[in-house]
Ligand code: PEP
């Protein structure tokens, strides 16, 4: 099984109603992309974004969900609520949430199961810090995060894994292509060991300072099936360039 290709945008805590014009422009410029395209805006924009681009090829996702369906959890949002607003995917365990909200592999695993129960695709993020890379621990760290964050039952249809070196997110620093290949080949082998043929089909995204000018070379790396993009997903022209690069990739 080969993995489908996915260009996913993470707007983080950016975006007001006026910014929906960007996603509308993106949908118009890419009416039938040859790859899957997803934008994950702040939760407040999920429903209006779905309305604004209804009928387009662009899917809409959330950036986090709670591990339970409903209850006394002020300020949180459940996977069912995301799905009810029109989301089809949810980013889980982003390094900013692991840092800002002390999320652990165990909590990400529970959230992944919650996402599946709402029929959402879980985009599970993992990645090493600069210190861990400098200490030569990258594969141990990402291997541990992968094992701990993914529940049993991952399939090519319900899970995406995003490798995002923490030191490359929003910094303009990008690992070498050899460093990306080493991690992605390692993750693919681990996914296949644990999930068999399904593991071969789980999309493996690279994330960290992807932009139109470096997307072609990153998408040429083995076992890179797409990207999770922060800053460059906010503008239709930039994200459109990344979508086109992924369409060009073999
Ligand atoms: C991200 O938020 O997941 C990300 C990779 O951000 P950026 O593209 O801005 O580095």
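Would you check which residues across region 188-214 are in contact with a strand residue (DSSP E or B) (Cβ under 7 Å, 6 or more places away or on another chain) and either farther than 14 Å from residue 150 by Cβ or within 16 Å of the ligand (Cβ to nearest atom) (or both) and list them?
203, 204, 205, 206, 207, 210
Residue-by-condition table, conditions (1) within 23 Å of residue 197 (Cα to Cα); (2) touching a residue at least 60 places away in the same chain (Cβ under 8 Å):
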position	(1), (2)
80	no, no
116	yes, no
127	no, yes
131	no, no
135	no, no
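Can residue 37 be described as in contact (Cβ under 8 Å) with a residue 60 or more places away in the chain, buried (at least 21 other Cβ atoms within 10 Å of the Cβ) and either in contact with a strand residue (DSSP E or B) (Cβ under 9 Å, 6 or more places away or on another chain) or not in a loop (DSSP other than H, G, I, E, B) (or both)?
Answer is yes for this residue.
Could you count how many residues in region 217-233 are within 14 Å of residue 204 (Cβ to Cβ) and within 13 Å of the ligand (Cβ to nearest atom)?
Of the residues in that region, 4 qualify.
Please pick out the residue among 113, 145 that is crowded, with 22+ Cβ neighbours inside 10 Å, more than 14 Å from the chain's Cα centre (by Cα) and not in a loop (DSSP other than H, G, I, E, B). Spell out how you get there, then give the answer.
On the way: 113 fails: crowded, with 22+ Cβ neighbours inside 10 Å.
From the options 113, 145, the qualifying one is 145.
Among the residues of region 83-121, what is the count of those that are in contact with a strand residue (DSSP E or B) (Cβ under 6 Å, 6 or more places away or on another chain) and within 15 Å of the ligand (Cβ to nearest atom)?
7
What number of residues within region 153-178 satisfy the criterion of being within 16 Å of the ligand (Cβ to nearest atom), out of contact with any helix residue (DSSP H, G or I) (no Cβ under 8 Å at 6 or more places or on another chain) and in a helix (DSSP H, G or I)?
Summing the residues that are within 16 Å of the ligand (Cβ to nearest atom), out of contact with any helix residue (DSSP H, G or I) (no Cβ under 8 Å at 6 or more places or on another chain) and in a helix (DSSP H, G or I) in region 153-178 gives 1.
Before we move on, is residue 46 within 16 Å of the ligand (Cβ to nearest atom), modelled with pLDDT of 95 or more and either touching a helix residue (DSSP H, G or I) at 6+ places or on another chain (Cβ under 7 Å) or closer than 20 Å to residue 117 by Cα (or both)?
Here the answer is no, as residue 46 does not meet what is asked.
Determine whether region 173-193 contains at least one residue that is surrounded by fewer than 18 Cβ atoms within 10 Å (Cβ to Cβ) and under 16 Å from residue 95 (Cβ atoms).
yes
In the list 9, 55, which residue meets the criterion of being surrounded by fewer than 19 Cβ atoms within 10 Å (Cβ to Cβ) and within 21 Å of residue 82 (Cα to Cα)?
Exactly one residue qualifies, and that residue is 55.
The values are calculated or read from the model by the stated rules, or taken from the named source; none is laboratory data. Just so it is clear, the structure is predicted and the values come from calculations on it, not from any experiment. All Cβ positions, glycine included, derive from the backbone under ideal geometry; neighbour counts span all protein chains shown.
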